[in-house]
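Quick notes on the structure that follows.
The values are calculated or read from the model by the stated rules, or taken from the named source; none is laboratory data. Just so it is clear, the structure is predicted and the values come from calculations on it, not from any experiment. Because the Cβ atoms are built from the backbone with ideal geometry, glycine has one as well, and the counts that use them run over all protein chains shown. Note: accessible area is taken over every heavy atom of the protein model, side chains too, but ligands, DNA and RNA are not part of it. Shrake-Rupley method; radii C 1.70, N 1.55, O 1.52, S 1.80 Å.
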Amino acid sequence: MTGSEPRIGAVILAAGLGSRFGQAAKMLAPYAGRPMVRRAAEAALASRAGPVVAVLGAHAEAVRAALAGLDLRLVENPDPAAGLSASLRLGLAALPSKTEAAVVLLGDMPRIGPAHIDALIAAYTDATPRPSAVVPMCDGRRGNPVLLDLARLGADLATLTGDHGAGPILKRRGDVLELPADPAVIFDVDTPEALGG
C-alpha cells in the first residue's frame, strides 16, 4: 500500500451460531478441501486490505485452531447469540484507529476470493467523492463482502443491534456505490446441503 492510498482493513465475521446448519460448527465445514472460515481469511490476507480481524464466537476454540498460522487479529464475541451486529462492532473496534474503511466478509461465503475484495477497494479508492460504502451486485441483489467508509458510517454502525449488519443503514443512504459482480457475492452456506452448490 502506498502512502496516498486510504487505510482499509478487513473484518471477517465468524462468530455466528449457524443454527440452520445443525449441531456441527458451520465455519469449520470443508469447502474445496479447506474449512470455510480459513478460505475467507486467506482471501482477505491475499487482498490489498490489512490488517485482517476475525471475530470468533460460537465454537471459538475450534475456529481459532482452523485459523492457526495466519496473520490475523482474533477477537471474541462473548455473546454470539446477540447477533451479527455485535460481532461487526467488535471487529471494527479492533482495527487501528486511523483505518479509513473496512471490508466486511462473512465466514460462510467460501467462493469469495482476493479479487472480489480488491475490486471493492479499487472502486472506493477511485471514486470522487468517496462513497459511504461499496456493495457488490449480482442479479439485482446486493451481496457480500461490503466495503464501509468508517468516517461516514461510524456513528450509525455504533448503534446497530440485532442479527444484521450494515444493510439497513445502507438502504437509507444515497451515496452507496453498487459494483457489478459475479454470483460468488450472493452464495452463502446456511445448510449442509448448500456445500454441494
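Would you say Met36 is among the aliphatic types (A, V, I, L, M), modelled with pLDDT under 95 and within 22 Å of Asp126 (Cβ to Cβ)? For Met36, the condition - among the aliphatic types (A, V, I, L, M), modelled with pLDDT under 95 and within 22 Å of Asp126 (Cβ to Cβ) - is not met. Within the stretch 26-56, the set of residues being open to solvent by 10 Å² or more (accessible area, probe 1.4 Å) and assigned to a strand (DSSP E or B) comprises Pro30, Tyr31, Arg34, Pro35. Under the condition of being under 19 Å from Val176 (Cα atoms), in contact (Cβ under 8 Å) with a residue 12 or more places away in the chain and of a type in the set (D, E, K, R), the residues counted in the stretch 105-127 number 1.
Checking the stated criteria, Ala68 turns out not to satisfy the condition of being at pLDDT 95 or above and either under 16 Å from Val189 (Cβ atoms) or in a strand (DSSP E or B) (or both).
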